[in-house]
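Read through the structure below, which is laid out as structure tokens, and then see the notes.
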Amino acid sequence: MGGMADAPPTPAAPAATPAVGTDGVWVVIPLYNEATVIGGVVAELLASFRHVVCVDDGSTDDSAAAAESAGARVIRHPHNLGQGAALQTGISYARAQAGCAYVVTFDADGQHRVVDALAMIELARTEDAAIVFGSRFLDDRTKPGLAKKIVLKTAVAVTNLSTGLTLTDAHNGLRVLRVDAARAVNLKQDRMAHASEIVVQLGRSGLPWREFPVEVLYTDYSKAKGQSLLNSINILVDLIIN
């Protein structure tokens with residue numbers, strides 16, 4: 001992955017007081033052409049988290065400006081490098097901040113729930129887990145559809161074979177990484193295969209991990225932006241060829 005990122009500007013003051021105990025938590029959001037929703041996603045996060053950083057991956061719309069206006073710190077890739085590159089930029093930035101204890105990865109399209117992120121952090125703390133993976137398959141709240149579920153389950157099986165882990169959901173963008181786990185992440189896959197690469201790297205770290213049941217909110221918007229069946233198939237193809 002290449003390309004230089006601009007230094008983030010000073011963030012605007014959050015609209016609400018973050019929850020007690022989240023000062024050491026940095027939320028990282030890969031961002032690409034989500035101008036219509038990112039402001040709401042950032043505002044909701046800032047009600048609970050003081051530190052939200054968006055990595056604008058060469059968006060051609062007003063995503064970066066919308067994220068800044070909502071109060072996020074924004075790092076810009078001058079060109080579109082891919083979600084894996086954006087995620088790595090954000091994780092690298094967050095883990096280098098003084099006092100960083102946890103990094104939360106969070107999608108920009110509104111499919112994740114802040115309450116799940118908070119619960120995952122609590123689980124990490126109470127059980128001394130370095131890694132908490134969100135899983136849409138530990139309960140029945142998420143309704144991905146039969147075909148999509150089959151593709152995702154196949155991806156899980158392939159990932160588990162290559163990592164030695166026993167995850168139920170290998171391609172969920174909601175994760176909590178303790179800072180030592182975040183330091184183990186060095187993504188080279190720019191495209192969607194990064195979702196499996198990060199599992200491989202975290203598994204090889206030997207650090208304790210857990211899964212936590214989360215709800216993924218499938219909307220017409222999120223499906224159009226990357227949660228479609230075709231995108232799931234593309235993830236699987238990327239996984240197999242890489």
Theoretical gain in end-to-end length, T168 to D23 [0.36 nm per residue, Cα-Cα removed]: 49.2 nm
Equivalent ellipsoid, the stretch 48-143 (semi-axes from 5 times Cα gyration tensor eigenvalues, Å): 25, 17, 13
Separation in nanometres of the label points that stand 7 Å from Cα toward Cβ, at R125 and R183: 2.2 nm
The stretch 166-171 - phi-based ³J(HN,Hα) in whole Hz, Karplus 6.51/-1.76/1.60, Gly and Pro as x: 10, 6, 9, 8, 8, 10
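In the stretch 71-148, which trypsin sites (Lys or Arg not before Pro) fall in coil by DSSP and have 16 or fewer other Cβ atoms within 10 Å?
Numbers: sites: R73, R76, R95, R113, R125, R136, R141, K148; in loops: R113, R136, R141.
Those satisfying the criteria are R141.
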D61 versus D139: modelled label distance in nm, points set 7 Å from Cα along the beta carbon direction: 3.1 nm
D107 long-range amide H proximity, modeled H, under 5 Å: H112
For V27, residues with placed amide H under 5 Å, excluding near neighbours: H51, V52, V53, V104
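None of the figures in this text is laboratory data; all of them are computed from the coordinates on show. Keep in mind it's a predicted model, so treat the numbers as computed, not measured. No Cβ is skipped: glycine too gets one built from the backbone with ideal geometry, and neighbour counts run over all protein chains shown.
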